[in-house]
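The values are calculated or read from the model by the stated rules, or taken from the named source; none is laboratory data. If you're wondering where the values come from, they're calculated on a predicted model, not measured in any experiment. Neighbour counts run over all protein chains shown; Cβ positions are idealised from the backbone, glycine included.
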Amino acid sequence: MDIHQDNNELINKINHYEKMIKRLTKENEFLDRKIGNMVFIYGEIGKMFEELSKDKITELALKCFSEFTESEFTTLFLKDEITRNFDLVSYQCKNEQEILHQFSLYPSQEGFLYMPTYVDVSEDSQRDIIKNQFYNGNDLFVKVRPRYIIAIKSGNSLRGFITFDENFGAHQEKEIFQIIESLGKAMYVVFNTASNFAKIETQKNTLKIKLKKMMDLSALAKIVNSVTSIDTVISLIASALKVSYNSELAFIALYDSDKMVLNIEASINMKGVVKEIPMKGALLPLLLGEKIIVVEEHKVSNLFEDMFIQEFIKAPSGACIIPIYIEEYDTNLIGAIGVLGLEKGILAAEEHVMAFEFMANHIAPIIYHIKRVEKIKEEYHPNYYHAFLEALKSNIVGADIFSLELYVIWVSYNGKLELHDNPFKMRAQDQFRDIYFVDNQNTLILTTDYEDIELVDHISSKEETVVAYKCKKDFNSVEEFVELFRT
């Protein structure tokens, strides 16, 4: 009896140990598989962390998902934080005939979207949950034809999801879903990191460009400070607009308060027919030192006449008109910088407007003081050519009223200049009433006496050329004489 009892106890113990061994073997296999999966997960995550390219990250993730689950058609959708849409960012397809183009899902409600972590869309109730989340939810089942969907979440917020085809069916163990979910979350973190890094790089490059432009402006300011000619100042600003700020359509003008017009002194891609811009209507705020910014192309016609707009080689994309002015007792408008189009970039962007304002503010006092210096010079050193033109204008009128013959005698010196003064001046300055020594080489004489021509011939030297023009024969107006003088 004792022997049988002992045998039974031994058999029971053997059975117990066999069951324990089987259980431990199964647990060991499970742990080995779990450890293997963990090694696999960390290995794939490590590969993704080595990448900074978002395309490369999603490519690695999809390859991993597809190989691990044997799914032949795997897709990855991620939420765009700006549009709030879920965009197809990548897909893995073993059947080359399956080609997906740009595809987005549009949420049917703002804010929270409900999606279970694991979805088997073969069940109608589960399929309806997905459809109801998006306006075009049915398109997912037409274009992608998923069997399983695994959500990528951050807390309770849906950040994206991965879809698998029916071949995923052989791996429906819960641990497989958990592995894919973990990989998806890791991929999202890496993807987000790469996105932030790309933003930082973009911002860094933008700052570099802005810094370079600031340095260019500083260098421009130093150069302009040493300039003594208004033409040179304007030329430098026009070059800066074109080279440093990619201005495609622009002009720089000086204000004529007598005519109430802006005289165009320099331009970029203008035909050059129109020389003046009437100061009226929507441009009047410039007189108060206020800038004018128009961002809509069709509203540019509110600022300028059609004839002026047609001066440009292409239609303006907008307008940024910056006044060049100084504050005295009131606003003294000197001119304006007008930019109506850039080769690239946004015309009304703050950095562009600030740069244009910097240029205008910097050159305003320079142009103002150059003009004052020129005026003082005129007082002490008269502009004989300007004085001659004024006298010619009144003499033409007088000759017409009193039926007099009017002559202009032009004496030009062709020899080598050894003195700073006009060589003809010493011989002629006491001989004629209306004589104008334009420069060291040219002298102009107004007379109604033909004998003065003979006198000029008599006192002129071999190095001097004498030409006489008769009013009503060789010219009829000041403008016509100027053309003769230039030729």
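One table, with the values for the structure above:
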item	result
Among the candidates Pro146, Pro116, residue that is of a type outside the set (A, V, I, L, M, F, W, C), at negative phi and in contact (Cβ under 8 Å) with a residue 40 or more places away in the chain	Pro146
Residues that are assigned to a helix (DSSP H, G or I) and surrounded by fewer than 16 Cβ atoms within 10 Å (Cβ to Cβ), drawn from the stretch 428-459	Glu451, Glu454, Asp457, His458, Ile459
Odd one out for Gly415 among (1) touching an Asp or Glu at 6+ places or on another chain (Cβ under 6 Å); (2) touching a residue at least 60 places away in the same chain (Cβ under 8 Å); (3) not hydrophobic (A, V, I, L, M, F, W, C)	(2)
Residue within the stretch 67-80 that is in a helix (DSSP H, G or I), closer than 22 Å to Ile180 by Cα, aromatic (Phe, Trp, Tyr) and out of contact with any Leu (no Cβ under 7 Å at 6 or more places or on another chain) present	yes
Check on Thr117, under 18 Å from Ile152 (Cβ atoms), modelled with pLDDT of 80 or more and not acidic (Asp, Glu)	yes
Count of the stretch 86-105 residues which are in a loop (DSSP other than H, G, I, E, B), surrounded by 14 or more Cβ atoms within 10 Å (Cβ to Cβ) and at pLDDT 75 or above	1
Within the stretch 388-411, considering residues that are in a helix (DSSP H, G or I) and among the hydrophobic types (A, V, I, L, M, F, W, C), the one surrounded by the fewest Cβ atoms within 10 Å (Cβ to Cβ)	Ile401
Subset of the stretch 126-172 [within 13 Å of Leu113 (Cα to Cα) and hydroxyl-bearing (Ser, Thr, Tyr)]	Tyr135, Ser154, Ser157
Residue in the stretch 413-421 that is in a helix (DSSP H, G or I), out of contact with any strand residue (DSSP E or B) (no Cβ under 9 Å at 6 or more places or on another chain) and surrounded by fewer than 17 Cβ atoms within 10 Å (Cβ to Cβ) present	no
Within the stretch 160-278, strands (runs of 3 or more DSSP E) holding 3 or more residues that are among the aliphatic types (A, V, I, L, M)	247-256, 261-268
Conditions (1) among the charged types (D, E, K, R); (2) in the same structural domain as Ala319 (by TED's automatic domain parsing); (3) exposed (fewer than 15 other Cβ atoms within 10 Å of the Cβ); (4) touching a residue at least 40 places away in the same chain (Cβ under 8 Å): number failed by Lys210	(2)
Matching option when the condition is over 25 Å from Ile209 (Cα atoms) and in contact with a strand residue (DSSP E or B) (Cβ under 7 Å, 6 or more places away or on another chain), among Leu241, Leu303	Leu303
Some residue of the stretch 69-77 being closer than 22 Å to Ser53 by Cα, modelled with pLDDT under 85 and surrounded by fewer than 16 Cβ atoms within 10 Å (Cβ to Cβ)	no
Any chance Ala336 is part of a helix (DSSP H, G or I) and of a type in the set (Gly, Ala, Ser)	no
Filtered residues of the stretch 357-370 (kept if out of contact with any helix residue (DSSP H, G or I) (no Cβ under 8 Å at 6 or more places or on another chain) and within 15 Å of Lys291 (Cβ to Cβ))	Glu357, Ala360, Asn361, Ala364
